[in-house]
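Quick note: the coordinates plus some simple rules give every number you see, no bench work behind them. It should be emphasised that the depicted structure is a prediction, and the values quoted were computed from it without experimental measurement. Note that each Cβ is placed from the backbone with ideal geometry, even for glycine, and that neighbours are counted across all protein chains shown.
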Amino acid sequence: MTNFIIRLFIKNYEDVTNPTVRTRYGVVSSTVGIVFNIILAALKFILGIFANSIAVTADAVNNLSDCASNIVTIIGFKLSSKPADREHPFGHGRIEYICGLVVAFLVLLAGFEVGKTSLLKIFSRGSSNFSVFVTTGLAVSVLTKLWLAFFYKKLGTKINSSTIKAVSTDSISDAFSTTVTLISIVLSKFTAFPLDGYIGILVSAFVMWSGIKIIRDTLTPLLGTTPNPDLVRDIYSTVAGHDKILGIHDLIVHEYGPGKVFASLHAEVSSSEDILESHELIDRIESELSKKLGIEITIHLDPLEVENEEVRRISKLVADALKKLDASFTMHDFRVIKNGDLKNILFDVVVPIAHPAPDSIVSDMVITAVSAIDQSFIVKPTIDRTVM
């Protein structure tokens, strides 16, 4: 059924990198959600009145909050698809993440209201009425929510949307909470204990936990996160696939919303190469990456003195000294500048971001180790932290 809906309502549904198609995915997923959640909310309000169950009625309120989440999702997709302008030169893609946060707060609010109403039920000591009609209706609701979770998950994965994935997580939580409510209705047949209110508290906790998880998942891309390892691997393999590229470093990736990726890196070439030819090579690589991976990338050209025997000898000595200090240390941008009898040794030391030593301590360690190689060395390292 999911594939049928996609094919029926989304033109060019396979072109998921197209902003228009992507927005259509968001609108279709939210519209389907609104229709089903309105039906489920109406059904549960009727069942809640029939069963005198606050847990069922609270579940209906939760479905209405899901409708609000779907509406926010539609708005988010519409706004995030707006093109770049003077105030927002990188586009509006991150609005989708902000809408994910709004969805999370709506879920938290719904969970809070469920908890408050459940406490009132406990203190009033009211009991629920068991009936096959109510239990059957709740069972249908669970199956519907599980299908919606699968539906959202599939569409969210297709277009890599954290907002739709968040709604999928919420739907799974809803299915679980309705299952717990169903169990409480069945057990109410055998006891006068206000189990309904306590189950409502449990439902409230699950709903609120779902909201907290959504906040966590949507805050990460807003704050900035480690780039997709597959994307990094593709960038490195594409650039390194050109014979005249001797090394790659300082890759930086910024994401301004799904499918809006900007990157920069440094590519090393021999200093003996013609500068115009090297520049033309870099232009071709940038164009290749843009077409292949759909990203905007800027590559900085770094010349290396690979044919200077003395520079190569010193470079190897320094690299060996770094390995003895720490096997995780590497280097790039190595240069030797003579100053009379002295030699200025300049290079970047690549240090894992999780390395416990502060940059100043690492720098002192490197200066001490490399200076010990030759008294004519004036060592000037630059510490370069990396997550790679």
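Tell me, what is a quarter of the convex hull surface for the C-alpha atoms of segment 190-243, in nm² with one decimal?
Values: hull surface 25.2 nm².
About 6.3 nm², averaged over all directions.
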Quick check: from the Cα gyration tensor, does segment 281-388 come out rounded (a/c under 1.5), prolate or oblate? oblate
So the pair-distance distribution of segment 25-96, from every Cα-Cα distance in 10 Å bins, comes to percents of 22, 32, 22, 15, 7, 2
Output ³J(HN,Hα) for segment 342-348: one whole-Hz value per residue in order, computed from phi by the Karplus curve 6.51 cos²θ - 1.76 cosθ + 1.60 with θ = phi - 60°, and x for Gly and Pro. 9, 10, 7, 9, 10, 6, 9
Over all viewing directions the Cα convex hull of the chain casts an average projected area in nm² of 25.8
How do the peptides 360-373, 134-147 rank, highest first, by the average count of neighbouring beta carbon atoms within 10 Å per residue? 134-147, 360-373
What is the P(r) of segment 163-204, as percent of Cα-Cα pairs per 10 Å bin from 0? 30, 41, 20, 8, 1
Residues with amide H under 5 Å from that of residue 302, placed H, sequence gap 5 or more: 267, 268, 269
Compare 81, 315, 161 in a GNM of the chain, Cα atoms joined below 10 Å, and give the one with the largest fluctuation. 315
Along the charge dipole of segment 312-388, Cβ charges K/R +1 and D/E -1, which of 370, 315, 386 sits furthest on the positive end? 315
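Treat every Asp and Glu Cβ in segment 2-223 as -1 and every Lys and Arg Cβ as +1, leave all other atoms uncharged, and give the resulting dipole magnitude about the Cα centre to the nearest 20 debye.
Values: 20 positive and 12 negative charges, 47 e Å.
For this selection, approximately 220 debye.
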Rounded to the nearest 5, what % of the DSSP beta bridges within the chain are antiparallel ones? 45
Can you show me the helix-derived [θ] at 222 nm for the chain, built from DSSP H runs with n ≥ 4 at -39,500 (n - 2.57) apiece and divided by the number of residues, rounded to the nearest 500. -22000 deg cm²/dmol
Please check: in the Gaussian network model of the chain (C-alpha springs, under 10 Å), which one of 265, 195, 317 has the largest mean-square fluctuation. 317
Using a Gaussian network for the chain with springs between C-alpha atoms less than 10 Å apart, which of these wobbles most: 36, 151, 329? 329
Treating cross-link reach as a plain straight distance, find the lysines whose alpha-carbon is under 17 Å from the alpha-carbon of residue 291, omitting any fewer than eight places away in the same chain. 260
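For segment 2-223, divide the Cα radius of gyration by the Kirkwood radius and give the resulting Rg/Rh value with two decimals.
Checking Rg against Rh, the ratio lands at 1.04.
Can you tell me which of 277-285, 26-34 comes out highest on packing, and rank the rest after it, using the mean Cβ neighbours within 10 Å? Please list the in-between numbers first.
Values: 277-285: 14.8, 26-34: 21.8.
The most tightly packed comes first, giving 26-34, 277-285.
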Over all Cα pairs of segment 229-304, how is the pair count split among 5 Å bins, expressed in % and running from 0 up to the last occupied bin? 3, 16, 30, 26, 14, 7, 3, 1, 0
Using the charge dipole of segment 170-260 (Lys, Arg: +1 at Cβ; Asp, Glu: -1 at Cβ; taken about the Cα centre), state which of 197, 178, 232 has its Cα farthest towards the positive end. 197
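Over 24 Å between Cα atoms: which of 82/165; 44/154; 153/213 fall into that group? Show your work: numbers first, answer last.
Numbers: 82/165 22 Å; 44/154 26 Å; 153/213 16 Å.
Flagged as over cut-off: 44/154.
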Computed over the chain, the relative contact order (Cα-Cα under 8 Å, seq sep at least six) in percent reads 12
